Amino acid sequence: MSEPASPRPRLPPLREVIARHKLSARRSLGQHFLLDLNLCARIARAAGNLGRTTVIEVGPGPGGLTRALLEAGAARVVAVERDGRCVAALAELAAAYGPRLEVVEGDALETDLAALGPAPRRIVANLPYNVATPLLIGWLKQITDFAGLTLMFQKEVADRLTARPWTKDFGRLSVMAQWLCAVRREFNVASTAFTPPPKVASTVVSLTPRPTPLAPADWTALETVTATAFGQRRKMLRKSLQRLDLDLESLGIDPTARAEELAVEQFCALARAYEERS
Ligand code: SAM
């Protein structure tokens, strides 16, 4: 016989938590809170089956998404929050869910998220937009530690992450992310869904690590060639990549092409050639 489902804890409305703990939103911390629990549940659903998974949430704020993750059946949620006021506000939630929720006060940029719990681990977050890209780059560098990432970004960043070659948004971030992960746009979220509303629209993106990267390449070499090529994205590669002194034709790459016309695998070939030279 299956275990009876544990009753859903009675929790105060998020607006009450915000008022009681005086969580006036701080722009410096990228604070835009999601108070619509249906939307939070939709993000949790996009993260897939969370049973037997350590879910790592960055920036729980007043805890809307945290509640949704726990209600979706996450085995354990470890939430990393920089704002001590929010950590205090989450105490009630931690008391209601016991050991299934751990709140860690700290800066996610300086925290090794993989050390927070056993695999399989998923990161699920409505990210602070001012540090979203450096956070993602750090997680991509250790992507084998994670079973998946489900993240809310400002729409422009999501457009770059999911962009295909031959489009204006295809760039360094697209190459680095798609090299290591299958990247999927889940859904857009209007700025009015947040309190306070940000100036930009938002998009939830899922990144699922590939069993092996799209093609062999060294991270640093790939970063160097993509940064150099897209640094002058309107120029032909023979010009933009001149200082790397690579024989493009021997790699089957048209020297008159522009950076946005190359596939991820071709950037990997450039990275391997660059590494051999240096
Ligand atoms: N998850 C909440 C929600 O959806 O309502 C809050 C999301 S809000 C966009 C971003 C959260 O990240 C804030 O609670 C903020 O305090 C927190 N934060 C900002 N910078 C952080 C950092 N470096 N490390 C951890 N948390 C951070």
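The values are calculated or read from the model by the stated rules, or taken from the named source; none is laboratory data. Every value quoted in this text rests on a predicted model; they were computed, and no experiment measured them. Glycine also receives a Cβ, built like all others from the backbone with ideal geometry; neighbour counts cover every protein chain displayed. Heads up: the accessible areas ignore ligands, DNA and RNA and are worked out on the full protein's heavy atoms, side chains in. Shrake-Rupley method; radii C 1.70, N 1.55, O 1.52, S 1.80 Å.
Some points to look at:
- Highest-fluctuation residue, Arg85, Arg67, Arg20 considered, GNM on the chain with Cα pairs under 10 Å: Arg20
- Shape category assigned to the range 33-136 from the gyration tensor of Cα positions, a/c cut at 1.5: rounded
- Rolling a 1.4 Å probe over the protein chains gives Ile137 an accessible area of about 40 Å².
- The distance linking the range 202-259 with the range 57-117 is 37 Å (Cα centroid to Cα centroid, whole angstrom).
- Taking the 1.4 Å solvent-accessible surface of the chain as the whole, the part contributed by carbon and sulfur is 50%.
- For Ala182, residues with placed amide H under 5 Å, excluding near neighbours: Thr208, Arg210
- Packing-based ranking of 37-43, 250-256, 203-209, 115-121 yields 203-209, 37-43, 115-121, 250-256, ordered from highest to lowest mean Cβ neighbour count within 10 Å.
- In plain terms, the C-alpha convex hull of the chain casts an average shadow of 16.1 nm² when viewed from every direction.
- Cα lying deepest toward the dipole's positive end in the range 1-82, options Gln31, Leu14, Leu50, charges on Cβ: Gln31
- In the context of the full set of protein chains, the range 160-278 has a per residue accessible area of 51 Å² (1.4 Å probe).
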